[in-house]
1. Scan region 44-65 residue by residue and report those that are within 15 Å of Arg22 (Cα to Cα) and either in contact with a Pro (Cβ under 6 Å, 6 or more places away or on another chain) or at pLDDT below 95 (or both).
2. Name the residue, out of Val82, Val101, that is within 16 Å of Leu59 (Cβ to Cβ), in contact with a Ser or Thr (Cβ under 7 Å, 6 or more places away or on another chain) and assigned to a helix (DSSP H, G or I).
3. If I ask for residues that are among the hydrophobic types (A, V, I, L, M, F, W, C), over 21 Å from Asn9 (Cα atoms) and part of a helix (DSSP H, G or I), which ones from region 33-71 would you list?
4. Name the pairs whose Cβ atoms lie under 7 Å apart, with the first residue in region 44-55 and aromatic (Phe, Trp, Tyr), the second part of a helix (DSSP H, G or I), and 6 or more positions between them or separate chains?
5. Does Asn74 meet the test of being among the polar types (S, T, N, Q) and either surrounded by fewer than 16 Cβ atoms within 10 Å (Cβ to Cβ) or not in a helix (DSSP H, G or I) (or both)?
Amino acid sequence: MTEKELSLNVKKAVTIFVYVERIKSELIIVARLLEEIQNFKENEGEGAKKLVLSFLNALQGETQIAYNVSKEKNFEKATMKVWEATERTRSREYGEAIRCVSEAISISTTAGQPALQLLKEKELL
């Protein structure tokens with residue numbers, strides 16, 4: 001592997017690692033929001049649902065950007081899981097939405113494993 005190829009691989013690994021960490025953090029936040037929304041009364045829950053849907057839409061955009069920048073297929077899969085969580089939230093199927101978010105966390109973690117390993121090997125983490 002040439003110096004340029006190694007540099008490009010490290011750059012891509014850093015990009016993927018940064019997106020993975022940010023997306024996982026946002027997924028954990030939305031999972032907590034979905035857990036809380038289940039405890040609201042009907043009239044309170046509608047406003048909370050709108051806010052959570054806005055957050056999910058923003059998160060879906062973030063995962064799509066991560067895919068567009070990195071071409072990492074797992075980001076595309078995570079985008080689909082966030083979309084599914086959004087649809088489940090619209091239907092007030094909060095338990096299923098949480099399941100989708102949990103799957104997106106797992107998929108995102110998988111996306112970051114090779115990047116994390118390379119960055120550790122290069123002693124950048």
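The values are calculated or read from the model by the stated rules, or taken from the named source; none is laboratory data. Since the model is a prediction, treat every value here as computed from it, not as a measurement. Counting neighbours? That spans all protein chains shown, and the Cβs are built from the backbone with ideal geometry, glycine included.
1. Let us first name the residues in region 44-65 that are within 15 Å of Arg22 (Cα to Cα), namely 55-56, 58-65.
None - no residue of region 44-65 is within 15 Å of Arg22 (Cα to Cα) and either in contact with a Pro (Cβ under 6 Å, 6 or more places away or on another chain) or at pLDDT below 95 (or both), so the list stays empty.
2. On the way: Val101 fails: in contact with a Ser or Thr (Cβ under 7 Å, 6 or more places away or on another chain).
Exactly one residue qualifies, and that residue is Val82.
3. Here is the first cut: in region 33-71, the residues among the hydrophobic types (A, V, I, L, M, F, W, C) are 33-34, 37, 40, 48, 51-53, 55-56, 58-59, 65-66, 69.
Checking the rest, the ones that are also over 21 Å from Asn9 (Cα atoms) come to 33-34, 37, 40, 48, 51-53, 55-56, 58-59.
Across region 33-71, the qualifying residues are Leu33, Leu34, Ile37, Ala48, Leu51, Val52, Leu53, Phe55, Leu56, Ala58, Leu59.
4. Phe55/Val30; Phe55/Leu33
5. Values: among the polar types (S, T, N, Q): yes; either surrounded by fewer than 16 Cβ atoms within 10 Å (Cβ to Cβ) or not in a helix (DSSP H, G or I) (or both): no.
Against the criterion (among the polar types (S, T, N, Q) and either surrounded by fewer than 16 Cβ atoms within 10 Å (Cβ to Cβ) or not in a helix (DSSP H, G or I) (or both)), Asn74 does not qualify.
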